[in-house]
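The values are calculated or read from the model by the stated rules, or taken from the named source; none is laboratory data. A quick note: this is a predicted structure, and the numbers were derived from the prediction, not measured. Using ideal geometry, Cβ is built from the backbone for each residue, glycine included, and neighbour counts are taken over all protein chains shown.
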Amino acid sequence: MSTHIDAKMGDYADVVLLPGDPLRAKYIAENFLDNVKQVNSVRNAFGYTGEYKGHRVSVQGSGMGIPSMSIYINELVKFFGVKTIIRVGSCGAIAPDVHLRDVILAQGSSTDSAVTMNTFGPGFHYAPLADFKLLDTAYHVAGKLGIDTKVGDIFAADRFYNDELDMQKLRDYGILGTEMESAGLYLLGAKLHFRALSVLTVSDLIFGDEKTTAEEREKTFNDMINISLETAIAGK
Ligand SMILES: O=P(O)(O)O[C@H]1O[C@H](CO)[C@@H](O)[C@H]1O
Ligand SMILES: O=c1cc[nH]c(=O)[nH]1
């Protein structure tokens, strides 16, 4: 076991879907996986391992924000041998052509988090990127499933509530949407040598009033889940 995960080596598959919401992890395990075993419940950060089309896949809740997510990623990779992590998250739409419930594949993630600067020091601005093969696979898998995806840069915000940020400027520079983890996921992917991708569903509009409910965010983002599971087992 590790500090925040009460499992043993071998309990997790080498590929893990990582939603922020532990109840989304439960929903995925109960509705998409066969032969499911719960492998973590410490702090109610639920983790499960099961089978998708005969292949072992795990799903683990990461909590909100880079600090919480980084704890789970470090422990999954260092103590449980995880090699591929696909975040399945919600996000707010920023770009004008991104609509409620659209699926975004985050090719890169800008951020106002200090993690990149604290890693490299001032004056160097690291560009956190998705694993290209995973991204390419997810894009083509989505096409085969008939699901349209938007691919590009997203913004991993350090704060959910932030009055000081100029969202219009992010829109002007082509940022598709905002969430709170992907830059940290991609930075850790590079550091710890695992494959990383964020697949996101638009849960609300930054420049509009439409939004999904908490229950919808937990239980209805099936396009994102199907793309991610098919990507997880592609080539196996
Ligand atoms: O739906 P999840 O995966 O938690 O992702 C988004 O939702 C949370 C904020 O409501 C943040 O974690 C953000 O990144
Ligand atoms: O982090 C998030 C998630 C969903 N919507 C937002 O605006 N921000």
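Here are a few things to note about the model shown:
- Among the candidates Phe155, Phe221, residue that is near ligand 2 (Cβ under 10 Å from one of its atoms) and either at pLDDT below 95 or not charged (D, E, K, R) (or both): Phe155
- Of the criteria (1) surrounded by 20 or more Cβ atoms within 10 Å (Cβ to Cβ); (2) within 16 Å of ligand 1 (Cβ to nearest atom), which one Arg101 fails: (1)
- Residues satisfying the stated conditions in segment 52-88, i.e. β-branched (Val, Ile, Thr), surrounded by 19 or more Cβ atoms within 10 Å (Cβ to Cβ) and within 16 Å of ligand 1 (Cβ to nearest atom): Val59, Ile66, Ile73, Ile85, Ile86, Val88
- For segment 46-66, a residue qualifies if it is within 16 Å of ligand 2 (Cβ to nearest atom) and in contact with a helix residue (DSSP H, G or I) (Cβ under 8 Å, 6 or more places away or on another chain), and the qualifying residues are Gly61, Ser62, Gly63, Ile66.
- Every condition in (1) within 16 Å of ligand 2 (Cβ to nearest atom); (2) farther than 22 Å from Glu230 by Cα is met by Leu200 except one, and the failing one is (2).
- Whenever a residue of segment 130-148 is in contact (Cβ under 8 Å) with a residue 24 or more places away in the chain, its partners that are among the hydroxyl-bearing types (Ser, Thr, Tyr), lying with C-beta atoms within less than 6 angstrom and at least six residues away or across chains, give the pairs Thr137/Thr231; Ala138/Thr231; Val141/Thr231; Ala142/Thr149.
- Residues of segment 11-19 include none that is touching a residue at least 24 places away in the same chain (Cβ under 8 Å), part of a helix (DSSP H, G or I) and farther than 26 Å from Glu179 by Cα.
- Some residue of segment 79-86 being free of Cβ contacts under 8 Å to residues at least 24 places away in the same chain and of a type outside the set (Ser, Thr, Tyr): no
- The listed residue being within 16 Å of ligand 2 (Cβ to nearest atom) and under 20 Å from Ile154 (Cα atoms), out of Asp97, Asp102: Asp102
- Scanning segment 29-47 for residues that are at pLDDT 95 or above, touching a Lys or Arg at 6+ places or on another chain (Cβ under 6 Å) and part of a strand (DSSP E or B) turns up nothing.
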